[in-house]
Every structure is written in C-alpha cells, then in structure tokens.
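Q: Encoded as structure tokens, here's the structure I'll be asking about.
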Amino acid sequence: MSISKLRAIALGAVAALAATVAFAEDYPSHPITLVVPFQAGGPTDAAGRLIGDAISSRIGQPVVVQNVAGAGSTIGAARVAEAEPDGYTLLMATSTAMVVAPHIYNNLGFDGYRSFDPIGLVTQAPFVLLVSSDSDYETLGDLMDYGRANPDALNYATPGVGTVQHLAMEMLIAKADVKAVHIPFKGTSAARTAFLGGEVDYMIETPNAAVPLIDSGKARALAVLSADRVDSLGDLPTAKEQGLDVEARSWFAVMAPKGTPEDRIDTLRGLLDEALADDEVDAKMKASGFVPSPTPTAEFESMLETEYNNFKTVVESAGITLQ
C-alpha cells in the first residue's frame, strides 16, 4: 500500500474520531423529557413547566413535561430511576419521594437517596403549624402542653399516610413527647377543608398557603418549622425558639438517573442555575407561590442526606409502613 493511501486512511480515522468526540459532546442534541410525578395542574407540575420552559429556551431543544402520577409520586420517580442515564430523562422530584418513600414502601424499586444524581434544588418551603383562629391555643407550648396532659385527645390532618407532612408531624410530637391522632386525607385540599371545618385540631401548610388563611382570620399560626423566621409570616417564632428543635419543609428538585455522565450533570446544573437566576423566571415562580432556591450542590446533597436519615428514624420509631 502506498504512503499516500496510508496517509489518507490515517487522516480518515482521525476525522472519524474527531466526529465521534464532537457527537458525544453535542448535548443536548434532541428533546429532554422532564417527568412530573403528579397530574397536570398541581404545584409540582407548575414548577416543572416553568423550569422546563426556561431550560428549553437556553438549549434550543424542547423540554417535554410528562405527567406520570400515582402512589404519592413514586411511580414517576421509579420510571426515571430505571431510565437510560444519558441526561435525556429527568425527574421533577419531591421531598416525599426522595427522603420519605424509601422508608415506608415495601419493594419500592428505587432509593430516593441512592438511585439519582441531584441536578439542583428548585424551590423549598418550610412548614407552618396552624390551629383554628378560635382555638384556645396561643402558642406552640399551649398546644403541646395540652397534648401531653391529654394523650390522644388532639388530632391533626395531613394529605395522607407517609407524606412528608405526616412525618414532619410525627417528628414534632415525638420531640414534644405528645401522643396525638393522625387523620390522613386524600390530598392537601381535602385536609385543609377538614381543618377549616373544625374536624381536626391542627395541620401544617407551606407559607404561601398559610398566609391567606391567617390574613383572612381563618387560622392562627403557632410556629414555623425552619431554622429562621420567615419574612411573610411576620414575627412568628420558629419551633426551635419555642423549645422544639424541629425543621421540616416541602421541596422540589431536578434529578437524573444514577450514572448520568458527569459532564451532562454539570451542563444541566449550569442551565438550572441560569434559569433560577433569571428575573422573568423568578417573577413567574413567585407569582405561582414558589420561592426559587438555588443551592450549591454540596449543600443540597448534605440536606438530602440529613433529611433521608432523619425521616428514616421517624418512620422506624412510629412504625409507619405502606405496601
């Protein structure tokens, strides 16, 4: 074979290798699917569509929201956990699926802490403990003192067994050494209706849902379950300030299947950070009741680990399980 032919073959091989590398790095080159594990129209769906649109406008590719509802968001989460880890299937994850469900469902098929690579936190909201505005309880201490003196006399509403609200309440009453009756409902709206109708003594809500109830005189806030006070709740003290060191929140985050290439994870993290820093996205999220929460990766991963372990302890102590 002549030198010229060898040279041509060598150049062709180099060109093919370069094309292969370029193709491998050309991400994303087609639409991304963002699985929202609830029906269309809810808060998770709204947040997912806002983030999906913001990322789509930056990559020139559609971000297709796919609603996969059921079993407290675990069906959608399982689908993403089993997807090809190529950066083209993502999850709009919820705190319930990631840090609660792995401890209460048998044969879940995924582990919220170990089956995903975190892209980033989108929004978070601490819980606010509410009682009826005409109740006798003026402080968190009043409520817990009554509960200690009268075991199982108090009851509280949640959106269902095994939700993050349920475990947050179990965490609180365990810290307070109180025995109370859990009344689970099918969703937040049903729980709120029962609370407003006087069927239960107390419940927890996120600030965007709690403030209208407080302002309208329908509810009284006793504590916020966060490290610091929340501006929208005025001078409402934290549970910790009142002697109960409890923090609990609801949050949404974007996750990818475990094993997604690190360069694609980095690309997605950059896109999410850009979206959350965008003034228009910020305004739209706040108008929908969300507070954007861009969080450094290491801090988010630490939060995941802490909540995962805390809720594991709560589930084991309370003996909560679902089939």
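Q: Would you kindly derive the ³J(HN,Hα) couplings of the range 99-114 from the backbone phi angles with the Karplus curve 6.51 cos²θ - 1.76 cosθ + 1.60 (θ = phi - 60°), listing them in order in whole Hz, with x for Gly and Pro?
A: 10, 10, 3, x, 9, 10, 9, 7, 6, 5, x, 7, 10, x, 8, 10
Q: Calculate one ³J(HN,Hα) per residue across the range 143-154 by plugging θ = phi - 60° into the Karplus curve 6.51 cos²θ - 1.76 cosθ + 1.60, and present them in order as whole Hz with x for glycine and proline.
A: 3J(HN,Hα) across the range 143-154, in whole Hz: 5, 5, 4, 5, x, 5, 6, 9, x, 6, 7, 8.
Q: Quick one: which residues, 5+ away or cross-chain, put their amide H under 5 Å from the amide H of GLY120? H built at 1.01 Å from N.
A: VAL254
Q: Which value, in Å to one decimal place, does the Kirkwood hydrodynamic radius take for the chain when every pair of different Cα atoms is included? Spell out each step's value before the answer.
A: Details: mean 1/r = 0.0469 Å⁻¹.
Taking every pair of different Cα atoms in the chain, averaging 1/r and inverting gives 21.3 Å.
Q: Taking Cα pairs under 8 Å and at least six residues apart, what relative contact order does the chain come out at, in percent?
A: Working: 579 pairs, mean separation 80.1, N = 323.
The value is 25 percent.
Q: Mind grabbing the base-10 log of I(q)/I(0) for the range 187-286 at q = 0.18, 0.24 Å⁻¹? Debye formula, identical points on the C-alpha positions, no solvent, two decimal places.
A: Log-scaled intensity ratios, in q order: -0.99, -1.25.
Q: Starting from the Cα of GLU305, step 7 Å along the direction of its Cβ; do the same at ASN107; then give the gap between the two resulting points in nm.
A: According to this spin-label approximation, the distance is 3.3 nm.
Q: Right, here's the next one. Could you state the orientation-averaged shadow area of the convex hull built on the Cα atoms of the range 68-124, in nm² to one decimal?
A: Working: hull surface 15.8 nm².
Spelled out: convex hull of the Cα atoms, projected over all directions, averaged, 4.0 nm².
Q: Further question on the same structure: In deg cm²/dmol, rounded to 500, what helix-only [θ] at 222 nm does the chain give when every DSSP H run of at least 4 residues adds -39500 (n - 2.57) and the total is split over its residues?
A: On the way: 11 runs with 140 residues, N = 323.
One gets -13500 deg cm²/dmol as the mean residue ellipticity at 222 nm.
Q: Of the DSSP beta bridges with both residues in the chain, give the percent that are antiparallel, rounding to the nearest 5.
A: On the way: 24 of 40 bridges.
Among the beta bridges of the chain, antiparallel pairing accounts for roughly 60 percent.
Q: Here is a follow-up. Given H placed on each backbone N at 1.01 Å, which residues far from ALA223 in sequence or on other chains put an amide H within less than 5 Å of it?
A: Amide H to amide H, under 5 Å and 5 or more residues apart or across chains, ALA223 pairs with LEU129.
Q: Select from the range 177-253 those trypsin sites (Lys or Arg not before Pro) which occupy a DSSP coil region and have at most 12 other Cβ atoms within 10 Å, ordered by residue number.
A: Numbers: sites: LYS179, LYS186, ARG192, LYS218, ARG220, ARG229, LYS240, ARG249; in loops: LYS179, LYS186, LYS218, ARG229.
In loop regions of the range 177-253 (DSSP not H, G, I, E or B), the sparsely surrounded trypsin sites (Lys or Arg not before Pro) are LYS186.
Q: Additional query: Karplus couplings for the range 254-271 from phi (6.51 cos²θ - 1.76 cosθ + 1.60, θ = phi - 60°), rounded to Hz, Gly and Pro as x?
A: Using θ = phi - 60°, the values come out as 9, 10, 10, x, 4, x, 4, x, 4, 5, 6, 4, 4, 4, 5, 5, x, 5 Hz.
Q: For SER250, which sequence-distant residues (separation of 5 or more, or a different chain) have an amide H within less than 5 Å of its own amide H, given hydrogens modelled in the peptide plane?
A: ALA125, PHE127
Q: Next question, about the same structure. Tell me the per residue accessible area of the range 199-280 using a 1.4 Å probe; a whole number in Å² is fine. Present the calculation step by step, with values, prior to reporting the outcome.
A: On the way: 3690 Å² over 82 residues.
So the range 199-280 comes to 45 Å² accessible per residue, rounded to a whole number.
The values are calculated or read from the model by the stated rules, or taken from the named source; none is laboratory data. Since this is a predicted model, take the numbers as computed values, not measurements. Counting neighbours? That spans all protein chains shown, and the Cβs are built from the backbone with ideal geometry, glycine included. Heavy atoms of the whole protein, side chains included, go into the accessibility calculation; ligands, DNA and RNA do not. Shrake-Rupley method; radii C 1.70, N 1.55, O 1.52, S 1.80 Å.
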